[in-house]
Amino acid sequence: DDRGRYESAAAVQALAGTSPVLYQSGKYRFARQRRACIKFLRRALQLFAYQSVLKVSWARDYYQRKRAAGKTHHEALRALTNIWVRIIFAMWLNRRPYDESVFLTARARHAPSVA
């Protein structure tokens with residue numbers, strides 16, 4: 001209920017465990033899954049993202065692009081989950097329901113132009 005509790009969608013991603021944690025030791029450096037999170041929230045968001053792949057065309061296209069780029073199923077799903085967390089966070093702050101046309105116009109506005 002407290003919309004000022006989280007300063008950004010990245011804070012919600014960390015709470016849900018969808019954002020990776022950087023681990024490094026000496027020259028060894030890699031990203032791993034966040035363990036300190038609300039695991040039920042992470043699972044719910046990943047299931048939501050998976051269902052969106054089946055029902056929402058832009059989500060299916062995004063997932064397939066990630067898979068074509070060599071990502072595993074879980075990596076592609078986690079990337080899609082992070083997009084959904086940003087969308088849900090914006091809906092929560094603005095108190096507006098999801099409107100796919102708003103998302104698509106914002107994505108087109110922020111997409112890099114291809115020369």
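Being over 21 Å from R107 (Cα atoms), more than 13 Å from the chain's Cα centre (by Cα) and not acidic (D, E) is a condition met by no residue of region 9-17. Among residues of region 9-23 being open to solvent by 40 Å² or more (accessible area, probe 1.4 Å) and in contact (Cβ under 8 Å) with a residue 12 or more places away in the chain, the one that is farthest from A90 (Cα to Cα) is V21.
When restricted to residues that are open to solvent by 40 Å² or more (accessible area, probe 1.4 Å) and either assigned to a helix (DSSP H, G or I) or of a type in the set (D, E) (or both), region 64-89 contains 11.
Pairs meeting the criteria (first residue in region 52-66 and touching a residue at least 60 places away in the same chain (Cβ under 8 Å), second residue surrounded by fewer than 18 Cβ atoms within 10 Å (Cβ to Cβ), beta carbons under 9 Å, at least 6 apart or on different chains) are lacking. Every condition in (1) in contact with a Gly (Cβ under 7 Å, 6 or more places away or on another chain); (2) open to solvent by 40 Å² or more (accessible area, probe 1.4 Å) holds for R43 except the one numbered (1). Screening the candidates R3, R35, R29, R107 for the property of being exposed (fewer than 15 other Cβ atoms within 10 Å of the Cβ), part of a helix (DSSP H, G or I) and at pLDDT below 85 yields one hit, R107.
The values are calculated or read from the model by the stated rules, or taken from the named source; none is laboratory data. Keep in mind that what you see is a predicted model, and the values were worked out from it rather than measured. Methodologically, a virtual Cβ is constructed for each residue, glycine included, from the backbone with ideal geometry; neighbour enumeration extends over all protein chains shown. Heavy atoms of the whole protein, side chains included, go into the accessibility calculation; ligands, DNA and RNA do not. Shrake-Rupley method; radii C 1.70, N 1.55, O 1.52, S 1.80 Å.
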